[in-house]
Every structure is written in structure tokens, then in C-alpha cells.
Amino acid sequence: MVSRRGFLKGGGLALFGIGLMGGIPAFMAEAAASDKIVSPYKRKRVLVCIFQRGAMDGLMAVTPFTDKYLQAARPNLFMQGIDLDGKWSLHPGMKAFEPMFREGRLGIVHGIGSPNNTRSHFDAQDYMESGTPFNKGTASGWLNRAVGLLGHDAQTPFTAVSLTSALPRSFYGDHPSVAISNLQDFAIQLRGNPAAANTAAKSFEDLYDATSTGLLHETGKESFDAMKMLQKADLKNYRPAAGAVYPFSPLGNSLRQVAQLIKMDVGLEVAFTESNGWDTHFNQGTDNGIFARNVADLSNSITAFWKDLEGYQDDVTVMTMTEFGRTVHQNGTGGTDHGRASCNFILGNNVAGGKVYGSVGELAVENLEDRRDLPVTTDFRSVFSAVADAHLKISDDKALFPEWSGNKAEVMKA
């Protein structure tokens with residue numbers, strides 16, 4: 001199914017996954033069978049955000065392997081992976097990331113997190129997605145505000161798309177956004193305009209003419225064109241470019257569909273998806289186990305997506321996020337508990353990659369937050385705002401992140 005917010009304010013159309021609803025409406029099938037549609041949009045820059053839900057252990061994903069205190073704190077979990085620079089190593093499950101790091105396309109920020117020290121998954125995710133870590137009453141999400149700050153009016157139903165079953169907190173707000181669990185089940189259904197709904201729409205033109213909402217008449221033709229393009233696409237038989245092979249996982253499937261939307265030029269500018277299962281309290285493992293499987297899926301999915309976008313890579317930036325990190329010390333069940341700072345990954349041709357950013361000191365107990373956690377030394381908003389500014393040309397930090405007045409992280413090329 002599909003959920004949405006703020007799509008064509010004033011009424012007119014809503015988007016639904018057809019599921020068991022009986023197939024594509026007849027008027028849409030006829031519209032899709034009409035003359036070939038050429039995209040009316042210039043190719044857009046696209047920001048793709050991936051939320052790692054459950055709190056990723058950043059110290060295992062990207063390890064300060066020379067730190068003797070970390071080795072002592074994790075007698076069964078410590079491991080050195082792929083040496084990146086003599087200080088930091090990448091988990092071996094993320095070996096797909098190594099070439100992009102060496103090429104300077106992949107940057108890593110360590111010690112990143114929220115200034116709010118909650119260890120509640122629900123609250124920390126809410127704060128990060130709203131972009132206001134000390135205000136639970138914020139109605140909008142930071143990505144929805146970003147859509148409103150893009151600086152142009154030519155938006156489509158696919159300007160902001162979440163490949164999830166429900167609209168994420170990041171997309172709450174007044175600006176166009178839509179959640180689609182599966183593009184193949186996608187269709188449109190008339191909603192919110194009784195006069196138009198009662199019209200026997202015999203063709204696409206009849207439907208368009210019957211919809212009298214002013215805003216829809218101003219942008220509706222382009223919106224219908226975008227939807228017709230999606231209906232015309234052979235989504236089921238899509239073949240990724242350059243031999244890219246996506247993992248058979250929810251994340252791999254989501255990123256595969258994001259790639260399809262980008263290539264169809266339907267106006268996509270902000271995409272969102274998620275990776276679950278990062279709450280590793282038990283049997284976390286080292287080079288095998290839950291964590292190893294998760295990081296392999298994350299890195300292999302992103303790498304396949306990047307390879308698939310050959311020819312589009314200059315227009316795309318990928319950024320990961322997670323609500324908080326894990327404890328420095330392992331627990332008694334072979335895992336780690338809720339902590340504070342973690343790390344994130346940023347991929348793109350305009351990323352100042354090949355470097356691990358952030359300030360992470362020795363992990364002696366006296367240097368830890370509450371004597372247990374990696375301290376947050378980089379506010380997540382400093383990274384998110386830097387990426388939004390460099391890639392989407394959104395420079396109004398006050399509007400994007402109310403209540404924040406920090407400096408942007410220097411993770412993007414000038």
C-alpha cells in the first residue's frame with residue numbers, strides 16, 4: 001500500500017498501491033496506453049537517505065583498531081578489519097565499500113549522533129528524523145522541509161519518495177511526499193474531489209478536464225505525465241546496468257526501485273529507505289553473525305545501486321544514518337547495549353571521501369560519556385546540512401534545522 005502527505009495540496013489525486021484492489025483503474029490503463037511520454041523534467045539531483053534502524057555499532061563497523069582500551073573492553077568482539085589509514089579499519093563484511101573509499105567517493109563520519117542523550121529507539125529516531133532533538137512537538141520532518149526548500153515549483157508526485165510501507169517521520173509535513181512499498185503495485189486513484197470522482201472518465205483528457213482544482217490545473221498535466229511514465233515502464237523485467245547485482249533483501253530491493261525512478265526521470269529529488277535489525281544486544285558476532293550479515297547487506301546494496309547508476313552518479317548522493325551507537329564495552333550476552341555516538345557513510349562524486357572524519361579520542365573509561373559510551377562529538381545536523389547544501393543547494397540552515405546554529409561539517413567538496 002501507499003501512504004502520502006501533502007500531495008497536490010487542495011485535493012485532486014492520491015496514490016495507492018493496488019494490492020488486492022483489483023488492478024489499475026481503467027482510465028489509467030488507457031492513459032498508459034496512449035502516445036509515448038517524454039519526460040518534461042530536467043534531470044534532477046537526488047539525495048538518497050538510508051536509516052539504519054536499531055542503532056548500528058559504529059565501533060565495529062569502522063574500528064579504531066590501534067586503541068588498546070577498545071581491545072580490552074571487547075575481548076570477544078574486537079576485530080581488525082580492512083585497514084583504511086593506519087588508525088581505522090572497515091569491517092570485512094563491508095569490503096564492497098573499500099574501492100569507493102580509496103577512490104575518494106566514500107566519506108565516513110565517526111562520533112556522529114544527537115545532542116539529546118536519550119537511549120530510547122523511538123525517541124532518538126523521532127528526534128533525528130524531525131531534525132529537532134529537543135522538541136518532540138515538531139510537526140514536520142527534516143526531509144519534508146528540504147523538499148520545501150528546493151527552490152522551484154515544478155514538483156511531481158515523485159519529488160520525494162520513500163520506499164517503505166508507511167511514510168517515515170522524515171517526510172511528515174506539508175510538502176509533496178509519498179511512500180511506496182512496491183513500484184510494481186503502483187497505480188493512481190481519484191480522491192478528494194467528488195465532482196471529478198463522479199465523472200465517467202473515458203480518457204486521460206476527460207479526467208484532467210474534470211479536475212477543477214486550480215493547483216492541479218497548474219501542475220496536473222506534468223504530474224499525469226510522470227505517472228504515465230511510471231505505468232509504461234517495464235518494472236518487472238528491469239535489468240540493472242553495468243552488471244550490478246542487488247542482494248535479495250528488503251534494502252537491496254528498495255534501492256533497486258530507487259534506481260529505476262532515477263532513470264525514468266520522473267522528477268525524483270529526495271529518496272528514503274531503511275535497513276532494520278541493528279539492535280545487537282545478543283550474539284553480535286565478529287566476521288560472522290548478525291552484525292556481519294547486516295553490514296554486508298548494507299554495503300553490497302549501496303554498491304550495487306551505485307554501479308547500477310553508471311551515467312547518473314554525478315547527480316546522486318547517498319547518506320546513511322542511525323539513531324545512536326552502542327556501548328564501548330561488550331555485555332554478558334555477546335552483544336552491545338544502547339550507547340551514544342556511531343558513524344555514518346556518505347557516497348557521491350561531490351563527497352570529499354577517502355577519509356574518516358570526526359573526533360574520537362582514546363576509549364579509556366574516563367573519556368567515555370557516562371563512563372560507558374563513545375561521546376557525540378559531531379552533531380548529526382552539521383553533516384545533514386552540509387550534504388543538503390552541497391548536493392541540493394539548500395543553504396537555509398535555520399529553516400532546515402530550527403534551533404540549530406552550529407557549523408557545517410566539511411565532508412563535501414567545495
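No lab work stands behind these numbers, since they all come straight from the coordinates. As the structure is a prediction and not an experimental result, all values here were calculated from the model. Note: ideal-geometry Cβ built from the backbone for every residue, glycine included; neighbour counts use all protein chains shown.
Bin width 5 Å, origin at 0, all Cα-Cα pairs of region 373-414: what percent of pairs per bin?
Calculated P(r), rounded to whole percents: 5, 25, 32, 20, 11, 5, 2.
Collect residues whose amide H, placed 1.01 Å from N in the peptide plane, falls under 5 Å from the amide H of Val351; neighbours closer than 5 in sequence don't count.
Those qualifying (amide H under 5 Å, at least 5 residues apart or on another chain) are Lys413.
With θ set to phi - 60°, apply the Karplus curve 6.51 cos²θ - 1.76 cosθ + 1.60 along region 391-408 and write out the HN-Hα couplings as whole Hz, x wherever there is a Gly or Pro.
Coupling constants for region 391-408: 9, 9, 6, 9, 10, 7, 5, 5, 6, 6, 10, x, 6, 10, 9, x, 9, 5 Hz.
If you take every residue apart from Gly81 with its C-beta less than 12 Å away from the C-beta of Gly81, what net charge results, scoring Lys and Arg +1 and Asp and Glu -1?
-2
Beyond a 30 Å Cα-Cα separation, which of these cross-linked pairs lie in this structure: Lys307/Lys398; Lys95/Lys136; Lys236/Lys307?
Lys307/Lys398; Lys95/Lys136
Going Cα to Cα from Lys355, which aspartates and glutamates come in below 15 Å? Please leave out same-chain ones fewer than 8 positions away.
Asp83, Asp85, Glu98, Glu103, Glu410
Would region 125-180 count as rounded, prolate or oblate if I go by the C-alpha gyration tensor, calling it rounded below 1.5 in a/c and otherwise prolate when a/b exceeds b/c, oblate otherwise?
oblate
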